[in-house]
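Chemist: Pasting a structure below so you can have a look.
The numbers here are math on the coordinates, done by the rules we state, and not lab data. None of these values were measured; they are calculated from a predicted model. Note that each Cβ is placed from the backbone with ideal geometry, even for glycine, and that neighbours are counted across all protein chains shown.
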Amino acid sequence: MIRSKLALQLAPKRRSKSRPVKKIIHVQRLRDTDVLQNFQLKLDEELQKIPAADTAEKEWSQLKQATYKATAETAGFRRRVHRDWFDENDSEATALLDDMHQKHLTWIKDKNSTSKKQLYQKARQRVQTKLCQMKNK
């Protein structure tokens with residue numbers, strides 16, 4: 001007969017670290033003549049500030065930083081906009097979504113009401129099925 005003692009412990013769930021979002025410079029703004037002139041002035045100022053470097057790597061990194069700084073200050077960064085796949089002017093889709101949002105707000109105001117929760121859940125299911133059918137058309 002074998003007898004043993006076990007001490008089991010559950011390890012906490014490890015959260016994965018998210019990657020930092022890369023900032024992308026909004027190069028399209030440089031097509032505007034005012035922004036382009038401002039960029040050229042900033043770039044000239046930044047390039048005048050660069051001291052003489054010992055190696056090509058240092059000189060390249062300083063040139064890169066100066067260019068990036070001037071561009072970031074004048075053109076700025078692009079904003080990422082998520083667009084829905086459906087047309088915002090589609091009256092059927094917006095009506096369904098508005099109804100679902102309204103039922104969600106009424107349920108949030110009274111969290112203890114099971115009937116409002118069920119109404120919201122049914123509305124959410126209906127919206128999901130209708131939008132899926134509309135998407136597949």
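Chemist: For Cα Rg over 2.2 N^0.38 Å, several values are listed as (1) 1.99; (2) 1.03; (3) 0.95; flag the one computed from this structure.
Modeler: Comparing each candidate, only (1) matches the computed number.
Chemist: Could I ask something else about it? Using a 10 Å cut-off around each Cβ, can you sort MET100, MET1 from fewest to most neighbouring Cβ atoms? It would help to have the intermediate numbers written out before the result.
Modeler: Numbers: MET100 19, MET1 2.
Lowest count first: MET1, MET100.
Chemist: If you don't mind, another one. Put +1 on the Cβ of each Lys and Arg and -1 on the Cβ of each Asp and Glu in the chain; which of LEU8, ASN136, ILE108 then has its Cα farthest toward the positive end of the dipole?
Modeler: Value computed over the given set: LEU8.
Chemist: Continuing with the same structure: Counting Lys and Arg as +1 and Asp and Glu as -1, each charge on the Cβ, what is the dipole of the chain about the Cα centre in debye, to the nearest 20?
Modeler: Computed charge dipole of the chain: roughly 1580 debye.
Chemist: Starting from region 55-137, pick out the GluC sites (Glu not before Pro) whose DSSP state is loop and whose Cβ has at most 12 other Cβ atoms within 10 Å.
Modeler: GLU88
Chemist: So what's the angle, to the nearest 10 degrees on a 0 to 90 scale, between helix 56-74 and the longest Cα principal axis of the chain?
Modeler: 60
Chemist: Set the bar at 27 Å for Cα to Cα. Now go through LYS22/LYS58; LYS13/LYS116; LYS13/LYS122; LYS17/LYS64; LYS22/LYS69; LYS23/LYS58 and name every pair that lies beyond it.
Modeler: With Cα atoms farther than 27 Å apart: LYS13/LYS116; LYS13/LYS122; LYS17/LYS64.
Chemist: Sticking with this one: Cut-off is 10 Å between beta-carbons; in what order do VAL27, VAL21 appear when sorted fewest neighbours first?
Modeler: Result, fewest neighbours first: VAL21, VAL27.
Chemist: Taking the Cα atoms only, what angle lies between the long axis of helix 91-109 and the longest principal axis of the chain, rounded to 10 degrees?
Modeler: 70
Chemist: Residue by residue through region 22-37, what is 3J(HN,Hα) from phi via Karplus (6.51 cos²θ - 1.76 cosθ + 1.60, θ = phi - 60°)? Round to whole Hz and write x for glycine and proline.
Modeler: Per-residue couplings from phi come out as 6, 8, 9, 6, 7, 5, 4, 5, 6, 6, 6, 5, 5, 5, 5, 5 Hz.
Chemist: At 0.36 nm per residue, and after removing the present C-alpha to C-alpha distance, how many nm does the segment from GLU73 to CYS132 gain when stretched out fully? If you can, show how the numbers build up before the last one.
Modeler: Values: separation 59, 0.36 × 59 = 21.24 nm, distance 4.30 nm.
My answer for the length gained is 16.9 nm.
Chemist: How much length, in nm to one decimal, is gained on full extension between SER115 and SER16, taken as 0.36 nm per residue of separation minus their Cα-Cα distance?
Modeler: On the way: separation 99, 0.36 × 99 = 35.64 nm, distance 3.78 nm.
Working it through step by step, the gained length comes to 31.9 nm.
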